[in-house]
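In what follows, a structure is listed as structure tokens, so that the remarks can point back to it.
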Amino acid sequence: MKRIALLCAAFIGTAAAERVPNTQVYYFREFDSMTDANKSTVAVAEINDTEANTFFSFLCRNGQPDVYLQTKNDLLTTSDYDADRYPNLMYRVDSQQAKTLPSDGATDNGKIDLTTMAFDTARDQILVAAFKNAQSKVTVRILRNSASALDYTFYVKGFKQAMTAVNNCK
């Protein structure tokens, strides 16, 4: 299943986004003026990416987070995308045993996005729990089908605070 990516890269570094002090965690509070639906976003930037081009985004939609991993690198080829062959995501919470999740493809304004991974609702919840339960970091490895694996590390300090600031997407 291909999911539409509503990416938050544009808000990182803008006046509208708030950064949890001394962290790589950002949040933007937004509520629909007609329905009061929570449309906020939390983003956790990768520790080695000084320009915040690689990050997990947690977009509040329908009362729960929609999770995306956007990177500065291609995660799959157009052929992989067309064949619904998406990379798996290995993740490790602190020093626990690594676990693997399948991903979905993503589009941005109707265009294939080869730099973004999406997840189904059940896997969204697994990743939110991983970030909430981690004491220090979540490390991920993207198992690309047509290229070498990519490793990223995300410090979780400030994640719970940011999620609280956006009402846990409720």
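The values are calculated or read from the model by the stated rules, or taken from the named source; none is laboratory data. Given the structure is predicted, the values throughout are model-derived calculations rather than measurements. Glycine gets a Cβ as well: all are built from the backbone with ideal geometry, and neighbour counts include every protein chain shown. In case anyone asks, the SASA skips ligands and DNA or RNA and just uses the protein heavy atoms, side chains included. Shrake-Rupley method; radii C 1.70, N 1.55, O 1.52, S 1.80 Å.
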Amide H proximity to F31 below 5 Å, modelled H, separation 5+ or other chain, gives K39
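Suppose every Lys and Arg Cβ carries +1 and every Asp and Glu Cβ carries -1, with no other charges. What dipole size does the chain come out with about its Cα centre, to the nearest 20 debye? Working shown, then result.
Values: 19 positive and 19 negative charges, 100 e Å.
Computed about the Cα centre, the dipole is about 480 debye.
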Among (i) 15.1, 46; (ii) 15.5, 52; (iii) 15.8, 60, which one is Rg and Dmax of the Cα atoms in Å computed from these coordinates? (i)
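Go ahead and estimate [θ] at 222 nm for the chain from helices alone: -39,500 (n - 2.57) per DSSP H run with n ≥ 4, summed, over the residue count, rounded to 500. Numbers along the way, then the final one.
Values: 3 runs with 25 residues, N = 170.
Rounded to the nearest 500, the figure is -4000 deg cm²/dmol.
Within the set of other residues whose C-beta is less than 15 Å from the C-beta of Q96, count the net charge using Lys and Arg as +1 and Asp and Glu as -1.
Values: positive: R92, K99, K132, K137, R141; negative: D94.
Here the count lands on +4.
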Give a residue-ordered list of calculated ³J(HN,Hα) values for segment 131-144 (Karplus: 6.51 cos²θ - 1.76 cosθ + 1.60, θ = phi - 60°; whole Hz; x for Gly, Pro). 5, 6, 8, 5, 8, 10, 8, 10, 9, 10, 10, 9, 8, 6
Residues whose modelled amide H sits under 5 Å from the amide H of S103, counting only those 5 or more places away in sequence or on another chain, are L89
Using +1 at the Cβ of each Lys and Arg and -1 at the Cβ of each Asp and Glu in the chain, identify which of S103, N62, F131 lies farthest towards the dipole's positive end. F131
Accessible area in square angstrom per residue, the chain, 1.4 angstrom probe: 50 Å²
